[in-house]
Amino acid sequence: MKYPILLWVLLGLLSPAIAQRSHHPIDPFAGLDTLFARVLQDWHAAGFAVAVVEKKKVVYSRGFGYRDVENRQPVTPHTLFAIGSCTKAFTAALIGQLDRQGRLDIDKPVRDYLPELKFYNETMNSTITLRDMMCHRTGLPRHDYAWYLFNSGSRDSLIHRIQYQEPTAGVREKWQYNNFMFLAQGMVVQKLTDSSWESNIAERLFKPLGMSESDLSVADLQKAPEAAIGYELKKDSVVQRVDYHVVEAIAPAGAINSSVNDMSAWVMTWVNGGKYQDREILPASYVNEAISAQMVSGGGVPSKEAPDIFFPAMDLDGRLLPIAVTTG
């Protein structure tokens, strides 16, 4: 009889501990810091920042590595990075707002709103819409040397170069990435609002989203207290500093600098159907359409770089979407 009594005593002692452990919340981010530190090491990266959004709040935010390697200045959630072509989603969002307000129609020829924009031939002039430009289906290839090697401080100068850019496909025939088409969208916004693209981004998006750390030029980035310096990797392991590339003339395609703190507000807006802190920033109708596939950008057998993705498609913000993936 001693053994059953002893067993009950032990169970009585263990029960509170088991109950306490079963109610102890599991940390979903346990080990994440270690994982990111390893990524930093394996990729020989200078530094990066990560934020995780859950519905209407930020549940994880941290920097790793250095924003300034030489001076050992760490990356924090406030560090500004050039977000590059993620800028295009902001530019397209302005178009979505104006469409909602009835000030334009994304399915009408873009030259209805920007007559000074001319394409290579009359078919393109009368056919290409804002939706075509947003989805990279105008028939124009990149033609990036026209701005990257022969840069200009004038957007009017760059927009006039489009008429000399020869298409390599028909309109809506083929997906081809093109930065000039987002420059043109920014100029449509400027024309219809009588205010610069920068002012529209600041007033219509940054301000209501509380993105006070973000800016729109290299000049402003260099004045920021926590600007990330640019680096590239040489010989697979040597981190080497590089100069900023000034892109102000083609800014609507890629000039925004932001932090993960600020970008979290942008992500929350999309997660919540266009609302931030229960206030509509982007029309719900635009959000639903913008995250839907608009143009097949490729097909057939998956590439070596993305072996699990079939038929990637482009949405209205110029982002690739996988519309079918393997399940094995």
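The values are calculated or read from the model by the stated rules, or taken from the named source; none is laboratory data. Everything numeric here is computed off the predicted structure, so don't read it as measured data. Here the Cβ is made from the backbone with ideal geometry for all residues, glycine too, and neighbour counts use every protein chain on show.
Brief remarks follow.
- Residue in the stretch 25-44 that is in a loop (DSSP other than H, G, I, E, B), modelled with pLDDT under 90 and closer than 29 Å to residue 257 by Cβ present: yes
- Checking each residue of the stretch 195-215 against the condition of being within 18 Å of residue 249 (Cβ to Cβ), surrounded by 18 or more Cβ atoms within 10 Å (Cβ to Cβ) and in contact with a strand residue (DSSP E or B) (Cβ under 6 Å, 6 or more places away or on another chain) gives at least one match.
- The stretch 23-60, subset among the acidic types (Asp, Glu) and within 30 Å of residue 278 (Cβ to Cβ), residue surrounded by the fewest Cβ atoms within 10 Å (Cβ to Cβ): 27
- With respect to the conditions (1) over 23 Å from the mean Cα position of the chain (by Cα); (2) surrounded by 13 or more Cβ atoms within 10 Å (Cβ to Cβ), residue 154 falls short on a single one, namely (2).
- Residues within the stretch 146-161 that are under 17 Å from residue 182 (Cβ atoms) and either in contact with a Pro (Cβ under 7 Å, 6 or more places away or on another chain) or of a type outside the set (Gly, Ala, Ser) (or both), tallied: 9
- Tally of residues being closer than 26 Å to residue 157 by Cα and loosely packed, with under 12 Cβ neighbours inside 10 Å across the stretch 241-250: 2
- Test: residue in the stretch 218-240 that is more than 30 Å from residue 75 (Cα to Cα), of a type outside the set (D, E, K, R), surrounded by fewer than 21 Cβ atoms within 10 Å (Cβ to Cβ) and out of contact with any Cys (no Cβ under 8 Å at 6 or more places or on another chain): no
- For the stretch 155-174, the tally of residues that are aromatic (Phe, Trp, Tyr) and part of a loop (DSSP other than H, G, I, E, B) stands at 0.
- At least 2 residues being of a type outside the set (D, E, K, R), farther than 30 Å from residue 143 by Cα and in contact (Cβ under 8 Å) with a residue 24 or more places away in the chain is the threshold, and among the helices (runs of 4 or more DSSP H) wholly inside the stretch 175-277 those reaching it are 260-271.
- Subset of the stretch 300-313 that is of a type in the set (Gly, Ala, Ser) and surrounded by 11 or more Cβ atoms within 10 Å (Cβ to Cβ) - its residue that is modelled with the lowest pLDDT: 313
- Those residues of the stretch 259-285 which are touching an Asp or Glu at 6+ places or on another chain (Cβ under 7 Å) and closer than 22 Å to residue 197 by Cβ, in sequence order: 259, 262, 274
- Output for the stretch 56-84, where each listed residue is within 18 Å of the chain's Cα centre (by Cα) and not hydrophobic (A, V, I, L, M, F, W, C): 61, 77, 78, 79, 84
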